[in-house]
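Report on the following structure.
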Amino acid sequence: MQMLSTRGAGAVSPSAAILRGLAPDGGLYVPARFPHFTPEEISALAPLSYPQRALAVLSKFLPDFSRDELTQALQGAYGTGFDCKAVAPLVPVGTRAHALELWHGPTLAFKDMALQLLPRLLTLSARKNGEEREIFILVATSGDTGKAALEGFLDVPGTRCCVFYPREGVSQAQRLQMITTGGNNTHVIAVNGNFDDAQSGVKRIFSDPEFAAQLDAQGRVLSSANSINFGRLVPQVVYYFSAYADLLAEGRISMGGQVNFCVPTGNFGDILAADYARKAGLPVGRLICASNENHVLTDLINTGVYDIEGRPFYKTITPSMDILISSNLERLLFDLSGCDGRRIAEWMSSLANRRRYEIGAEMLRALQARYFADYVSQEDVLGEIARTWREDGYLMDTHTAVASAVLRRYEEQTGDTRPGVIVSTASPYKFGASVLRAIAGEAACTGLDDFACCRALSERTGTPVPGQIAALPSLPVRHRAVCGRDAMEQAVLDALKG
Ligand SMILES: *Cc1c(COP(=O)(O)O)cnc(C)c1O
């Protein structure tokens, strides 16, 4: 299986695509042809463990990795770091739906599903492609990705990870999660600025040849752990197969029966992985794209126009979905266009220059045949958490609640009775203050910090505070560096001198 760039550049192997991250023409790597799973192969997943299911799926998507290499990488990724044996359990939400819980890893959000495996795939890819330099991962984070990347790369030989976060832009718990990270190959630096400053600074560093030369002289090469990297996307395909296998194992569906997935969406990586599972033969019905007030994707899927000109940016209680430029959408458009790299390059340049593009009636029809999209307000999110807790006894985080509310609406509007799976992307305790506010009211949170909110939430619901959160206030702080938004390069070099 070869990988193509969405903007037309020639084919490379999966391991080369993972090592490079972005294609040389600025496009994203996608499979030139998708592997296919027969109904018998999918049925055979039902009795298997998560790492075994992952091996079956990944060995078809990553043919230049041996079964032994993948087996070892999967054991390392999904072994002890997850707090439940199922890794990604499928849990009933009353009788109306199932939640696919993707937050049982070390940082309590779904980014762990990919970032526990990516470092292992990256070091294997380096070896396969004759890359001997240390791989230096640079990340700008608005909260969740930074900690997941730090945990994933922690003490992985041949790698080093440096995270920039906006000094005022992350929650108390998120900041503590990052600055208490141990290991001998991690760096965490606060930027005096917002997330956009951190992100633009990282992009500048990536495009600076002088910086690359300095790193090279130190025996290091820059790479990315962003969801533009195919190595982050492909581990996410696995859990859609796994959810289907669980429904089969429990007798909730028979082989061939279709399942709808509702996904709380930001950068479009998670939902695209479901589409890739469908292209590889998984019986997926509708993909339901759930958004918050920053609903640029809802508008695209309903009107065919992607337009961010003059669009307000809202900071919401679902911060991981506060995004206006969804990078992975480019992969879907490439697929819908019949792999027309020239058209994609035109749209992306229109987005950069005129802040909008239009996909036309024919592609819109193809898009709507696969996808349904809607968005909900923050009031709806709080109401959904409260209602699901009251009626179904299921406690969900704010991002998951966006999907839960949109799935309800979808089923009411369409009468679709196929089984629905809510993709659950974070532990309720990762956003404990908002969840407490939803089920106990504003007054219950007054004067409490994030940790006190989590304790109050635990008392009220009889659910335990996860160990990773409870331990945070007593962990030693290991990273204190701060830099100005124009001094990020120097800060990296200083950190590397250590
Ligand atoms: C990253 C994230 C999302 C959005 O996922 P995308 O792949 O960017 O669409 C949703 N919820 C949580 C909790 C996240 O961390």
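The heavy atoms of TYR375 offer some 90 square angstrom of accessible surface to a 1.4 angstrom probe.
If you count, for each residue, the other Cβ atoms within 10 Å and average over each peptide, how do 72-79, 50-57 line up from highest to lowest?
50-57, 72-79
Amide hydrogen proximity for ALA225: with H placed 1.01 Å from N in the peptide plane, the residues at 5 or more positions away or on another chain lying under 5 Å are LEU138.
Going by accessible surface with a 1.4 Å probe and the largest first, THR446, THR141 read THR446, THR141. Listed by chain and number, the lysines whose C-alpha is less than 28 Å from the C-alpha of LYS497, apart from same-chain residues fewer than 8 away, are LYS147, LYS203. In straight-distance terms, cross-link reach from LYS315 covers every one of the aspartates and glutamates whose alpha-carbon lies under 12 Å from its own, apart from those fewer than eight places away in the same chain; here that gives GLU293. Of all lysines in the structure, those lying under 29 Å Cα to Cα from LYS60, and not within fewer than 8 positions of it along the same chain, are LYS85, LYS111, LYS128, LYS279.
Could you tell me the ratio Rg/Rh of the range 43-94? Both radii from Cα atoms, Rh via Kirkwood.
Working: Rg = 12.4 Å, Rh = 12.1 Å.
We get a ratio of 1.03 for the range 43-94.
Of the residues SER349, ASN260, THR318, the one whose Cα sits farthest toward the positive end of the charge dipole of the range 254-390, with +1 on the Cβ of Lys and Arg and -1 on the Cβ of Asp and Glu, is ASN260. Residues GLU168, GLU250, ordered by accessible area of protein heavy atoms at a 1.4 angstrom probe radius and largest first, appear as GLU168, GLU250.
For the pair the range 3-77 / the range 130-179, the C-alpha centres are spaced 24 Å from each other. Dipole size of the range 266-397 about its Cα centre, with +1 on Lys/Arg Cβ and -1 on Asp/Glu Cβ: approximately 420 debye, rounded to the nearest 20.
Think of the chain as a dipole: +1 on every Lys or Arg Cβ, -1 on every Asp or Glu Cβ, centred on the Cα centre; then among LEU395, VAL12, GLN199, VAL12 lies furthest on the positive end.
Toward the positive end of the charge dipole of the range 81-240, with +1 on the Cβ of Lys and Arg and -1 on the Cβ of Asp and Glu, the farthest Cα among VAL188, ALA225, ALA97 is that of ALA97. For every other residue with a beta carbon closer than 13 angstrom to the beta carbon of PRO235, add +1 if it is Lys or Arg and -1 if Asp or Glu, then tell me the sum. That sum, taken over residues with Cβ under 13 Å, equals +2. Just how large is the dipole of the range 173-278 about the Cα centre, in debye to the nearest 20, putting +1 at every Lys and Arg Cβ and -1 at every Asp and Glu Cβ? Magnitude of the dipole: close to 100 debye. Semi-axes of the equivalent ellipsoid for the range 125-207, computed as √(5λ) from the eigenvalues of its C-alpha gyration tensor and ordered from largest down, come to 24, 16, 8 Å.
For q values of 0.15, 0.19 Å⁻¹, compute log₁₀ I(q)/I(0) with the Debye formula on a Cα-only model of the range 366-471, without solvent. The Debye formula, applied to the Cα set alone, gives -0.65, -0.93. When only alpha carbons of the range 42-170 are considered, Rg and Dmax amount to 16.3, 53 Å.
The alpha-carbon atoms of the chain define a convex hull whose volume equals 141 cubic angstrom per residue. Screening the chain for whole DSSP H helices with an alpha carbon extent of at least 20 angstrom along the helix axis and a mean Kyte-Doolittle hydropathy of at least -1.0 yields 230-249, 398-414.
Taking Cα pairs under 8 Å and at least six residues apart, what relative contact order does the range 1-157 come out at, in percent? Numbers along the way, then the final one.
Numbers: 193 pairs, mean separation 30.0, N = 157.
Once divided by the residue count of the range 1-157, the mean separation gives 19 percent.
Note on the chain: with charges restricted to the Cβ of Lys and Arg (+1) and Asp and Glu (-1), its dipole about the Cα centre is near 460 debye.
The values are calculated or read from the model by the stated rules, or taken from the named source; none is laboratory data. Remember, it's a predicted structure, so these values are computed and weren't measured experimentally. Don't worry about glycine lacking a Cβ; one is built from the backbone with ideal geometry, like all the others, and counts go over all protein chains shown. Just so you know, the surface numbers come from the protein's heavy atoms only, side chains and all, with ligands and any DNA or RNA stripped out. Shrake-Rupley method; radii C 1.70, N 1.55, O 1.52, S 1.80 Å.
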